[in-house]
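Just below is one structure, and these are the notes that go with it.
The values are calculated or read from the model by the stated rules, or taken from the named source; none is laboratory data. All figures in this text were calculated on a predicted structure; none of them were measured in a lab. So basically every Cβ, Gly included, is an ideal-geometry build from the backbone, and we count neighbours across all protein chains shown.
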RNA sequence: GCUCGGAUGGUGGAACUGGUAGACACGCAGGACUUAAAAUCCUGUGCCCUCAACAGGCGUGCGGGUUCGAUUCCCGCUCCGAGUACCA
């Protein structure tokens, strides 16, 4: 029989499932290799052709590694908490768990028919209580921990309390809230239980705090910074506003430096690392306190200075003004009676501007003078205090020192408001049109640092400021703590209850805290989160937390659960973690660069600090597969004089002769841009009687690359392709499409080529009557050469994730062996093994026809370079990089023999015409060029 | 604005450390088989000049450079894509 892909694929998928072929266990005799895909959120739309791209690549790699003798962990699961299921529940009343279950079933069916080698016995679902029990458990560990700067790691809260008992707050160097109290051990002892809890909350790695949050009214929840894009929610695109709320946060800022340093130790794409570096946003500089001028001092009870953060402390003699963010807490007190109206007007004006306006409008200079002054600590100069919205409340201290000569924004501000511009470096150019931020030259107009260079001045000033107690060198990070609560239903309950307004953890034995049933998935009438509707959502006297965890909670540790997914006593056993350690290869989209991938690194480092895991970084190597875009097809409807659509459609090439409107047409009824008119009439019944203006007898459609979406009729469903060509063809074609990491539009046009290849491959093993036919002859040189070329090529390609080029090489190899009429068993066996990661079903079938079993763990054939060696060559040689001629030369000749042979060559002699032969250029023992 | 990535035939793309640019596939054209179609196979296919062959010229976004030799390295630009954005 010819290649019957359906039969073969069903047969082997069933076989793999029944025999547990890809079930993995810890095997100390083999080296481990952990290949992980970013697990999907099971959306209702099912998989489109873009989703499996990364899974296919990771599957090829996993299968290849198994052949290479590794014990491969390659699991799959679902990130099954999330907004869409909940939005659907709000609309229909159907429980999100049911929606999720249905969607997962679809995903599973679609994944299964592609023939992945996942170990499904390890499947995880983040919305299962058996799983989220451990997400809650991690939360509890974070709640019970603090970050000790002296040991530079997280520690259990008991060590903090010990320090409080021993030396009071002075003993402690921690990453904590700013408003901590200072107290002696004796004070601590007198604190009430409530007071102690309140103080400890400021140190916990997950803590409750009043903070400004991104509030999305349409979704009725807060969002993390990475879930907001340009002032709109990432999911749904609803407007987001700033709001002050009591919120759970994760003290990820404690790990800023380690998260930054860790990037140097992992093999990730540079753009992702760069994004994380920017997100962490480390800047090295100094904080400086500017004392507020005496006249206003009386108004300040707690603070009589303004603290600024600068990366250019060396420019401090050039300060001609101070700018505060309009929201800065000292603004009301600093504003003088005379300036009150101006300032209040300005604040009102900036408040009106939305986040978006403020971002778009970076050119207009605006600001207001408060009427107050500070004193520059280095020279005693009076410096006016302004407010302006180019200073952000959320970064640094919300205040900057204005140095117009060295900073372009300060320059614009100074120019606009006529403030002095002071030259500070002798090498600075004229500052008539812009600031000069270069650090060259020696300082001038700069008091005691005159004559120093940038490096000297910075070091000197940092010291000086610290000695005077008015400043110090400081490192600032842009990364904020991550908001950890969502006012939604479909997420992990936070294992906390409240007593006297303070949070307490439930006991570990009480885990999991199971999500309660509620009547409606909406906030309560009083505006509480949906969990407020649950009856008896109480812990003894206390009420449980009503927020749930954000979407990223469950995905921040899931790779550990795969190591031991059924464990009821631990999130994973010590033995499993010691064996599997970390993820060797992680494949997924780059859209998670500053979300999931950062939070996962954070939790991993935390778990390491507590000794629960062994590695500092969770994902050794990361690959971002490119996005598959949609490729839309269009038909062109002719529009009449009045602009109404007619019943006539004109082919793409002729449309410029008419007035037309473009209409999306289902890509599945277009092949090579030629419209299938019969199917089109069914697709759009209103065009059943339409007239078609054709070119060369065909209707040609227009093409555009857009996002894949139902409304654009450009979604290609893998099910259809598998039905027509089989999973092996789909797998190879997805790889053939182009480099894995490159984004590209999907185009089904070339799939025939891959299908033809698989059929040819099948035929290598059969005679004309479709009988299985291989022989035991001795392989010829040519056959061995073809085989070893492909062994080497695939090995090299897979190791560098260049899967597209191997597909081409397979085609060449099969063409060569077909031409050689190769039926040799030895050759074909090795070929099957080499191809099997790419096209596992057909290879399993042929492997069994060859009389073998256990293809998935058969050793990868050993490459023997001897088969590729050649002795005689006829190859072109250029002279002076120009002319080309063929010389038959033996590669075994040494250099002088080659020279003699070249000189003796008649053709060359004619060309040389007595000119001297200067140089012969060899590459890999071959002459490539002769210089005369 | 900044950072990163990219630009190669009609199309997707190949060329791994500079060494025959365009592999492989699609498409197109022609042919074989067939009553016909499908399937399969064969041939051609970067552009220009040429009836054609031979030969030649031009060719990897643009302009320079290094080199015996550049798609590859360096400098300067143009365009496209992604991320980020008043971060002091």
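Taken residue by residue, the stretch A:407-421 has at least one member that is assigned to a loop (DSSP other than H, G, I, E, B), under 28 Å from residue A:282 (Cα atoms) and in contact with a helix residue (DSSP H, G or I) (Cβ under 9 Å, 6 or more places away or on another chain). Residues of the stretch A:321-342 that are surrounded by 14 or more Cβ atoms within 10 Å (Cβ to Cβ) and under 43 Å from the mean Cα position of the chain (by Cα): A:321, A:322, A:323, A:324, A:325, A:326, A:327, A:328, A:330, A:331.
Taking the criterion of being within 15 Å of RNA strand B (Cβ to nearest atom) and either closer than 25 Å to residue A:849 by Cα or free of Cβ contacts under 8 Å to residues at least 60 places away in the same chain (or both), the residues of the stretch A:709-727 that qualify are A:724, A:725, A:726.
Screening A:389, A:407 for residues that are within 12 Å of RNA strand B (Cβ to nearest atom), closer than 20 Å to residue A:461 by Cβ and crowded, with 20+ Cβ neighbours inside 10 Å leaves exactly one candidate, A:407.
Yes/no matrix, rows are residues, columns are (1) more than 30 Å from residue A:569 (Cα to Cα); (2) modelled with pLDDT under 85; (3) part of a helix (DSSP H, G or I):
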{"residue": "A:611", "(1), (2), (3)": "no, no, no"}
{"residue": "A:617", "(1), (2), (3)": "no, no, no"}
{"residue": "A:626", "(1), (2), (3)": "yes, no, no"}
{"residue": "A:636", "(1), (2), (3)": "yes, no, no"}
{"residue": "A:647", "(1), (2), (3)": "yes, no, no"}
{"residue": "A:680", "(1), (2), (3)": "yes, no, yes"}
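Does residue A:586 satisfy the criteria of being touching a strand residue (DSSP E or B) at 6+ places or on another chain (Cβ under 9 Å), in contact (Cβ under 8 Å) with a residue 12 or more places away in the chain and assigned to a helix (DSSP H, G or I)? Considered against the rule, which asks whether it is touching a strand residue (DSSP E or B) at 6+ places or on another chain (Cβ under 9 Å), in contact (Cβ under 8 Å) with a residue 12 or more places away in the chain and assigned to a helix (DSSP H, G or I), residue A:586 comes out as no.
Is at least one residue of the stretch A:834-842 free of Cβ contacts under 8 Å to residues at least 40 places away in the same chain and in a helix (DSSP H, G or I)?
No, the stretch A:834-842 has no match at all.
Answer yes if at least one residue in the stretch A:733-754 is touching a strand residue (DSSP E or B) at 6+ places or on another chain (Cβ under 6 Å) and more than 11 Å from RNA strand B (Cβ to nearest atom), and no otherwise. Looking through the stretch A:733-754, none of the residues is touching a strand residue (DSSP E or B) at 6+ places or on another chain (Cβ under 6 Å) and more than 11 Å from RNA strand B (Cβ to nearest atom). Given the conditions (1) without any contact (Cβ under 8 Å) to a residue 40 or more places away in the chain; (2) surrounded by fewer than 20 Cβ atoms within 10 Å (Cβ to Cβ); (3) in contact with a helix residue (DSSP H, G or I) (Cβ under 9 Å, 6 or more places away or on another chain); (4) under 17 Å from residue A:612 (Cα atoms), which single one is not true for residue A:574? All conditions are met except number (3).
Against the criterion of being touching a residue at least 12 places away in the same chain (Cβ under 8 Å), assigned to a strand (DSSP E or B), within 26 Å of residue A:705 (Cβ to Cβ) and within 31 Å of the chain's Cα centre (by Cα), residue A:631 qualifies.
Contact annotation: residue pairs with Cβ atoms under 6 Å, 6 or more positions apart or on different chains, pairing a residue in the stretch A:319-342 that is farther than 14 Å from residue A:305 by Cα with a partner that is away from RNA strand B (no atom under 16 Å from the Cβ) and assigned to a helix (DSSP H, G or I), are A:335/A:343. Looking at the stretch A:435-453, can you tell me whether even one residue there is in contact with a helix residue (DSSP H, G or I) (Cβ under 6 Å, 6 or more places away or on another chain) and free of Cβ contacts under 8 Å to residues at least 60 places away in the same chain? So far as the stretch A:435-453 goes, yes, one or more of its residues are in contact with a helix residue (DSSP H, G or I) (Cβ under 6 Å, 6 or more places away or on another chain) and free of Cβ contacts under 8 Å to residues at least 60 places away in the same chain. Candidates in the stretch A:533-557 are the residues that are part of a helix (DSSP H, G or I) and in contact with a helix residue (DSSP H, G or I) (Cβ under 8 Å, 6 or more places away or on another chain); of these, the one that is nearest to residue A:500 (Cα to Cα) is A:554. Selection of first residues in the stretch A:659-682 that are without any contact (Cβ under 8 Å) to a residue 24 or more places away in the chain and of second residues that are within 16 Å of RNA strand B (Cβ to nearest atom) and in a strand (DSSP E or B), restricted to Cβ pairs under 8 Å at least 6 apart or on distinct chains, gives the following pairs, ordered by first then second residue: A:669/A:675; A:676/A:670. Among the residues of the stretch A:286-297, at least one is within 9 Å of RNA strand B (Cβ to nearest atom) and modelled with pLDDT of 90 or more.
Take the conditions (1) buried (at least 17 other Cβ atoms within 10 Å of the Cβ); (2) at pLDDT below 95; residue A:858 misses just one of them, which is (2). Of all residues in the stretch A:71-80, none are in a helix (DSSP H, G or I) and out of contact with any strand residue (DSSP E or B) (no Cβ under 8 Å at 6 or more places or on another chain).
It is to be established whether one or more residues within the stretch A:464-472 are surrounded by fewer than 17 Cβ atoms within 10 Å (Cβ to Cβ), under 37 Å from the mean Cα position of the chain (by Cα) and closer than 30 Å to residue A:381 by Cα. There is at least one residue in the stretch A:464-472 that is surrounded by fewer than 17 Cβ atoms within 10 Å (Cβ to Cβ), under 37 Å from the mean Cα position of the chain (by Cα) and closer than 30 Å to residue A:381 by Cα.
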